[in-house]
1. Quick check on Gly54: is it touching a residue at least 12 places away in the same chain (Cβ under 8 Å) and touching a helix residue (DSSP H, G or I) at 6+ places or on another chain (Cβ under 7 Å)?
2. Of Leu221, Leu195, which residue is of a type outside the set (D, E, K, R), farther than 27 Å from Ala72 by Cβ and in a helix (DSSP H, G or I)?
3. With Ile171, Ile121 as the choices, which residue is at pLDDT 85 or above and either surrounded by fewer than 19 Cβ atoms within 10 Å (Cβ to Cβ) or of a type in the set (Lys, Arg) (or both)?
4. Quick check on my filter: what residues within the range 227-269 are modelled with pLDDT under 85, outside any helix (DSSP H, G or I) and touching a helix residue (DSSP H, G or I) at 6+ places or on another chain (Cβ under 6 Å)?
5. Within the range 129-147, is even one residue of a type in the set (D, E, K, R), touching a helix residue (DSSP H, G or I) at 6+ places or on another chain (Cβ under 7 Å) and more than 26 Å from Leu175 (Cβ to Cβ)?
6. Identify, by number, the condition in (1) free of Cβ contacts under 8 Å to residues at least 60 places away in the same chain; (2) assigned to a helix (DSSP H, G or I) that Ala160 doesn't meet.
7. Restricting to the range 7-38, name every residue that is assigned to a helix (DSSP H, G or I) and in contact with a helix residue (DSSP H, G or I) (Cβ under 9 Å, 6 or more places away or on another chain).
8. Restricting to the range 178-199, name every residue that is surrounded by fewer than 13 Cβ atoms within 10 Å (Cβ to Cβ) and either of a type in the set (D, E, K, R) or within 25 Å of the chain's Cα centre (by Cα) (or both).
Amino acid sequence: MVERKSRASWLPHALLLAGVVIFAFPIYTALIGSTHDAATIGRGDLPLYPGPHGVENYTQAWTQGSGQRVKASPVARMMANSFVMAVVIAVGKIAVSLISAYAVVFFVFPLRMVFFWMIFITLMLPVEVRIIPTFKVVSDLHLINTFGGLTLPLIASATATLLFRQFFMTIPDELVEAAKIDGAGPLRFFRHILLPLSRTNIAALFVILFLYGWNQYLWPLLITTSSTMNTIVIGITKMIGTGDAQTDWNLIMSTAMLAMLPPVAVILLMQRWFVKGLVETEK
């Protein structure tokens, strides 16, 4: 019995450790490669210990983004573009979804559920499906190579609206009536009662939506034609040449490591709120 309990305790940990090693090893390889020169990586002689070119590679990638074989925008510029895009998309999606869910749940107006289902149906229409008409609209509005063109078409979110609606429906009617008796109007009720109650949901969605905006590839690829508006994901793709001989892998690996820092920082800083927003059932 004791042996079975002992095996049951270490087996899950061993499986988790093996999974961590499998997923972390490519990241470790990229980290090590970012400290060596391109010739070492090109020859396939990459060791498992850091090299002497780390500061040089990261400085060159951050300030120039170009090497001997490829030319790209500075990583600092591309990361700034990605950061603005991710934050605007996350904040915009949350703001629009909060307001739309609030209207659907707490207001009675004609065709209320029709509008809700119209929003819900858009879940079946991802960006890839509606990308041609969306691009046409953005082009007609002269939003190519602008932050508005990068963010506005991606702000609406049926998923976030559905999640906030489901949460708002759990608000007791007694709380709504008490707010009315105290003289709280719709805006005051929304600001002082609903928003504080929704903070864990907002935090969890912010993390998810920030990663969604940061990792966007297809839409920024279409909507940006200037190198100054490239996001970090697009920049890494353009830094890769048509073959190993045309690629500065040391700079690409340095750029990839830098590109992981903002998402990791957001997850670490908001980890507690993120977990509470996912698992907490009673607000």
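The values are calculated or read from the model by the stated rules, or taken from the named source; none is laboratory data. The shown structure was predicted, so the numbers you read here are calculated from the model rather than taken from an experiment. Glycine also receives a Cβ, built like all others from the backbone with ideal geometry; neighbour counts cover every protein chain displayed.
1. Working: touching a residue at least 12 places away in the same chain (Cβ under 8 Å): yes; touching a helix residue (DSSP H, G or I) at 6+ places or on another chain (Cβ under 7 Å): no.
So Gly54 fails the test.
2. Numbers: Leu221 fails: farther than 27 Å from Ala72 by Cβ.
Checking each option against the conditions leaves just Leu195.
3. Numbers: Ile121 fails: at pLDDT 85 or above.
Answer to the selection: Ile171.
4. Taking the range 227-269 as the starting set, the residues that turn out to be modelled with pLDDT under 85 are 227, 238-248.
Applying the additional criterion that residues be outside any helix (DSSP H, G or I) yields 240-243, 247-248.
Matches in the range 227-269: Asp248 only.
5. First pass over the range 129-147, keeping only residues of a type in the set (D, E, K, R): 130, 136, 140.
Keeping just the survivors that are touching a helix residue (DSSP H, G or I) at 6+ places or on another chain (Cβ under 7 Å) gives none.
No.
6. All conditions pass for Ala160, except number (1).
7. Of all residues in the range 7-38, those assigned to a helix (DSSP H, G or I) come to 7-33, 38.
Across the range 7-38, the qualifying residues are Ile27, Thr29, Ala30, Leu31, Ile32, Gly33, Ala38.
8. Lys180, Asp182, Arg188, Arg191, Pro196
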